[in-house]
Structure formats: C-alpha cells, structure tokens
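The values are calculated or read from the model by the stated rules, or taken from the named source; none is laboratory data. No experiment lies behind these values; they were computed from the predicted model shown. Every residue, glycine as well, gets a Cβ built from its backbone with ideal geometry; the counts of neighbours run over all protein chains shown. All accessible areas refer to the heavy atoms of the entire protein, side chains included, with ligands and DNA or RNA removed. Shrake-Rupley method; radii C 1.70, N 1.55, O 1.52, S 1.80 Å.
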Amino acid sequence: MSKKHCSELLPNKMFRNQDSKYLIPVQKEAPPVTTLPMKASTVKSPHNCEAILRDADPPISLSSVNLSEQLRSGVFLKPKKQIKYWVDERNSNCFMLFAKNLSITWSDDVNYWTWFTEKESPNENVEAVGLKNVCWLDITGKFDTRNLTPGIVYEVVFKVKLEDPAYGWDTPVNLKLVLPNGKETPQEQKLSLRELPRYKWVDVRVGEFVPEKSAAGEITFSMYEHVAGVWKKGLSLKGVAIRPKQ
C-alpha cells in the first residue's frame, strides 16, 4: 500500500504519600509555643501562562479567583477540544494533544480508522480514533517548546489502548522524538505493543528532554511502521501527553 499523507491532571500520581516518614512524636509537658503572624506567600505564575491562556477556549479571565483551580484541573485551548493545558503540583506546564491535533495517515478514510467520543472529564468529551485495519501506520505530531517550563525533564508519551481482536503488533513499531533545530541526534526506539494490557489507556513513552529558553523551538514525535507490510488492527489513540517526567 502506498502512503497518501501522513485535567484535569493526568490520572498518573506524581507523588506518593510519605507523611508517615515525617511524623514527630509529641513530647510530654512540652512548653507552649508562641507563633508569629506570617505573611501570605505569593505563588509564582506558571511559565508563559498569560500567553498560553490567550488561546483558552472558552476564554478565561486572568483575574479570576478560581484561576489556580482551573489551571490544576485543565483548560482547553484552540483549536477547540484538540489541546489541553494544565499545571502540576510543582507549578510546571503540562499539555495533552488529542488525536485530532495529530497527523494520522488514512485517518479520514472510514475503511482504515474510525473516530469516536471519549470522556476526558465528567463534563468534557474529546475525539479519539480507533484503528480498523492498516499496514501503513504513521502518526506524527509537533509542539512548540516555548510553552514548557524551562529546566524541567519532560517526557513525551502516546496514550493508546488495545482492544481484541488485535493483531499485527508482534512487529515492533518505531518511536521517534526530534528535538528543536535538529541539534541533537533524534531519540529512536522500537517497541512491540503485543503485550499491552487490553481495554485500558496506557502510556507509551517516546522520549524525554529538558526545554531551555536558549534552545526553544518545535519538537516532532512519531509512531510508525510501514516497512514490514503487516496488517494491524485493534489500536486506539487518545493523543500525546507532554509533561514532567513521572
């Protein structure tokens, strides 16, 4: 076959509860402690937050008393329902590029892919895509690193799901991450999806990097296999998450 063309916080917990390690036994007859009034600490605004929220859909007021809560739970950006932005516990920017924001060969042909609605939050749905049957698998996306928090180790992961009948995944897929300006060697690996758990969304990591202001630019990431000529079925794609490394 020839090629035509190519929150809400994430559910993964980033910190474990380790309170028990820091419990201090109370001493008997401890002297009274006098506390001094403390000034309210100022929370630093997330990197490039004001510029990012110019694309909020629907619009969000920067003066909103609930802004911090909204950023933690997630904000959709333009194009509508294709990108989601949120900040994590460390005030670092995170993004999710849903399937409609990616370039997927044959995705507009109902003989090969089918689009369906997937719940992203109790009140929000997004479009995901399911693979019906192809031998040319090619999924590619791009993202501007200027909106990522500098100095943080980020990872790029595909959010995928396998549902039976699933076949063709004994042949490994190629995962590739190209960093801005091509100054570094692309990160590449091969991975068999055969053993992925069925009927649940899982993360397939493409690579990782540290964004820097001096080297900001566009990254490109992809999942592909179009050499073996093996027909593939049963893969669903929700999108690609770009977030601080778990």
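Miscellaneous remarks
- Single residue of region 98-117 satisfying the filter (buried (at least 21 other Cβ atoms within 10 Å of the Cβ) and assigned to a strand (DSSP E or B)) that is farthest from the chain's Cα centre (by Cα): 113
- Across region 231-246, the number of residues qualifying as open to solvent by 10 Å² or more (accessible area, probe 1.4 Å) and hydrophobic (A, V, I, L, M, F, W, C) comes to 1.
- Those residues of region 52-97 which are over 17 Å from residue 120 (Cα atoms), in a loop (DSSP other than H, G, I, E, B) and open to solvent by 10 Å² or more (accessible area, probe 1.4 Å), in sequence order: 59, 60, 61, 62, 63, 64, 65, 66, 89, 90, 91
- Among residues that are at pLDDT 95 or above, of a type in the set (D, E, K, R) and touching a Cys at 6+ places or on another chain (Cβ under 8 Å), residue 88 is included.
- Residue match in region 141-157 (condition: open to solvent by less than 10 Å² (accessible area, probe 1.4 Å) and within 16 Å of residue 193 (Cβ to Cβ)): yes
- When 89, 124, 120 are screened for being farther than 30 Å from residue 163 by Cα and either of a type in the set (Gly, Ala, Ser) or under 20 Å from the mean Cα position of the chain (by Cα) (or both), only 89 passes.
- Subset of region 194-230 (residues that are touching a Gly at 6+ places or on another chain (Cβ under 9 Å), open to solvent by less than 40 Å² (accessible area, probe 1.4 Å) and not in a strand (DSSP E or B)): 211
- Selection count, region 181-193, where residues are over 19 Å from residue 239 (Cα atoms), in a loop (DSSP other than H, G, I, E, B) and of a type outside the set (S, T, N, Q): 3
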